[in-house]
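Enquirer: This is the structure, below, for whatever I ask next.
The values are calculated or read from the model by the stated rules, or taken from the named source; none is laboratory data. All values derive from a computational prediction rather than experimental measurement. Here the Cβ is made from the backbone with ideal geometry for all residues, glycine too, and neighbour counts use every protein chain on show. Just so you know, the surface numbers come from the protein's heavy atoms only, side chains and all, with ligands and any DNA or RNA stripped out. Shrake-Rupley method; radii C 1.70, N 1.55, O 1.52, S 1.80 Å.
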Amino acid sequence: MAWNEPGGNRNDNDPWGTGGRRGDDQGPPDLDEALKKGLDKLNRMLGGKGKKSGGSGGSTGGSAGGFGAIIALASILVVGYVVFQSFYTVDEQERAVVLRFGEYNRTENPGLRFKVPLIDDVTKVRVTNVRTAESSGQMLTQDENLVTVDLQVQYRVADAQAYVLNVRDSNQALAFATDSALRHEVGSSSLDDVLTEGRAELAVRVEQRLQRFLGEYGTGLEIVRVNVESTQPPPAVQDAFREVQRAREDEQRVKEEAETYRNKVVPEARGQAQRMIEEANAYKQEVIERARGETARFLELLAVYQKAPTVTRDRLYLQALESVLSNSSKILVDTQSSGNMMYLPLDRLTQGSLPRSGGQSSGSGSSQMDIQDLTDQVIQELRTRQDTNVRRSR
């Protein structure tokens, strides 16, 4: 049986606790009634009068209570909005520029900060991240040639106050300053410098001039780096410039090869020169030492000669003959029968006994035969001359 089914027995399972009855004293809650009671309580808290039962006075009191509740609710909303707008957070990468009545007041660092609503105006600026701007265009060089330059500028905000207040649009001011600095530096350079080895120097000069412009404008920006992406001649003459570039590369290659050869030859020549110098110094030292030795020997010989002149003179004579005859191929024989000196041309005898040119000796046997023949010839020559001398003596 359902809980609200009519019957004689009482249903204790009535969720409203009415015991099966729907009287005015007990029943489900009415939302309108609950709202009115809440408004009445709020009105009494704000100093108004509560609702009175019956009569026109009750209608007037209900209207006044509803109006007061609306005012209270609006006040709560206003207070909540003011509290919500009074606090703000500044990130680690940001700085906050606070304007009070449109005039600069302060610059806030990262953290939870307070401001006066409707009076203070807060502008947050990112100061740590690096931004990028690009510039490209055709311009004239110093030698009146057209060139296309692509440039990239990396920058960041260094002064948040100047970035917000001094210039209406700092990024546009940066673009204008970049174009001006680039055209000035390209116009002061030749085409060859812009296209080849002068590109790095061009980027440095543009960076310095651009930073000076931004400082004079008071933009609050700081240049991190300027990169010259590409430098191109006009399309109509690109082929000719490529040929010139290849010729310069060949020139550079030949220079490097010549430098390599120079680095190889010059050290060798210096080494040879140093070796010759060392040999000359050694020869010089050898001659000096030999001369000193000869001097010392001569002085010692002089002392000995002063003690025994005759013996020393004969000894010197024999040493001189020994030194001379040791390098001679001739033999002098002193015979006892006469005072004549026999002369044996051993050099000619040796030439006659030796084998002819164009061949080599056949071994040790042939060498011994040659020596034996030479000996026989010498003995025969001695006998012949001795016999001749004997006949003459008779």
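Enquirer: Output wanted: per-residue J couplings in Hz (rounded whole) for segment 143-155, from phi through Karplus 6.51 cos²θ - 1.76 cosθ + 1.60, θ = phi - 60°, x for Gly and Pro.
Expert: Residue by residue, segment 143-155 yields 8, 6, 10, 7, 8, 9, 10, 10, 10, 10, 10, 10, 8 Hz.
Enquirer: If you take the beta carbon distance between Tyr261 and Val83 as r and set R0 to 51 Å, what does 1/(1 + (r/R0)^6) give as a FRET efficiency, to the nearest 0.05?
Expert: For R0 = 51 Å, the calculated efficiency reads 0.05.
Enquirer: Okay, moving on. So what are the three principal axis dimensions of segment 86-140 from its Cα atoms, in whole Å, longest to shortest?
Expert: So the extents along the principal axes, rounded to whole Å, are 54, 25, 14.
Enquirer: What net charge do the residues around Glu197 carry, taking every other residue with its C-beta under 13 Å from that of Glu197, with Lys and Arg at +1 and Asp and Glu at -1?
Expert: -3
Enquirer: If you roll a 1.4 angstrom probe over the protein chains with everything in place, what fraction of the accessible area of segment 203-306 belongs to carbon and sulfur, to the nearest %?
Expert: In segment 203-306, the share of accessible area belonging to carbon and sulfur is 55 percent.
Enquirer: Pulled fully out, how much extra length does the chain show between Asn129 and Leu325, if you take 0.36 nm times their separation in residues and subtract their Cα-Cα distance?
Expert: Gain on stretching Asn129 to Leu325: 60.2 nm.
Enquirer: Residues with beta-carbon under 15 Å from that of Tyr217, excluding Tyr217: net charge, scoring Lys, Arg +1 and Asp, Glu -1?
Expert: -2
Enquirer: How far apart, in nm, are two points set 7 Å out from the Cα along the Cα-to-Cβ line at Gln272 and at Glu243?
Expert: Spacing of the two 7 Å Cα→Cβ label points: 4.3 nm.
Enquirer: Right, next: Efficiency by 1/(1 + (r/R0)^6): what FRET value for Leu382 and Arg313, r their Cβ-Cβ distance, R0 = 30 Å, to the nearest 0.05?
Expert: 0.40
Enquirer: Provide, in order from the shortest bin, the percent of all Cα-Cα pairs of segment 148-197 in each 5 Å bin, continuing until the bin that contains the maximum pair distance.
Expert: Final binned percentages: 4, 16, 23, 19, 13, 11, 7, 6, 1.
Enquirer: Between Ile71 and Ala158, how high is the FRET efficiency from 1/(1 + (r/R0)^6) when r is the Cβ-Cβ distance and R₀ = 56 Å? Nearest 0.05.
Expert: Efficiency, from the Cβ-Cβ distance: 0.65.
Enquirer: Find the all-direction average of the projected area of the Cα convex hull for segment 92-245, expressing the result in square nanometres with one decimal place.
Expert: 10.3
Enquirer: Moving on. At 1.4 Å probe size, with every protein chain present, just tell me what the per residue accessible area of segment 101-233 comes to in Å².
Expert: Accessible area per residue, segment 101-233: 54 Å².
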